[in-house]
Every structure is written in C-alpha cells, then in structure tokens.
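See below for the structure under consideration.
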Amino acid sequence: MLQNYTPLDQESRSAITTREAAYHLNRQMQTLHIWLARRMALFAPFVLLAD
C-alpha cells in the first residue's frame, strides 16, 4: 500500500505514528520497537504509537 507522508518540515503534529517515524528514519517498524525495548533510540523518551 502506497502511503503519502507529510514532510517533517511541514508536520504540525507533536507526535507521529511508528509507521511514519520508520519511514522518515528509513527503518522498519520492528527496528524502532527493538530500539525502544533496548532503550537505544534517540527518541526513547517518547512512546511509539501502535499502527
């Protein structure tokens, strides 16, 4: 499924979904979940939203 993501410089929301974060970081969603579980992420203080 092709998604249209808002460019980060035009994003007005204070939080984005895990899927959107993965897209912008060029990573798989599972990678972000692993980073969060291992507290390796730069965004560790933030909760990833379920998609």
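The values are calculated or read from the model by the stated rules, or taken from the named source; none is laboratory data. Computed from a predicted model, the values in this text were never measured in an experiment. Please note: Cβ atoms are built from the backbone with ideal geometry, for glycine as well, and neighbour counts cover all protein chains shown.
Of the residues screened, T6 is not one that is polar (S, T, N, Q), part of a helix (DSSP H, G or I), at negative phi and at pLDDT 80 or above.
Could you tell me whether any residue of region 29-51 is loosely packed, with under 14 Cβ neighbours inside 10 Å, modelled with pLDDT of 90 or more, touching a helix residue (DSSP H, G or I) at 6+ places or on another chain (Cβ under 9 Å) and not in a helix (DSSP H, G or I)? No, every residue in region 29-51 fails to be loosely packed, with under 14 Cβ neighbours inside 10 Å, modelled with pLDDT of 90 or more, touching a helix residue (DSSP H, G or I) at 6+ places or on another chain (Cβ under 9 Å) and not in a helix (DSSP H, G or I). Take the residues in region 11-27 that are in contact with a helix residue (DSSP H, G or I) (Cβ under 8 Å, 6 or more places away or on another chain) and touching a residue at least 12 places away in the same chain (Cβ under 8 Å), then tell me which one is surrounded by the fewest Cβ atoms within 10 Å (Cβ to Cβ). Among residues in region 11-27 that are in contact with a helix residue (DSSP H, G or I) (Cβ under 8 Å, 6 or more places away or on another chain) and touching a residue at least 12 places away in the same chain (Cβ under 8 Å), the one surrounded by the fewest Cβ atoms within 10 Å (Cβ to Cβ) is H24.
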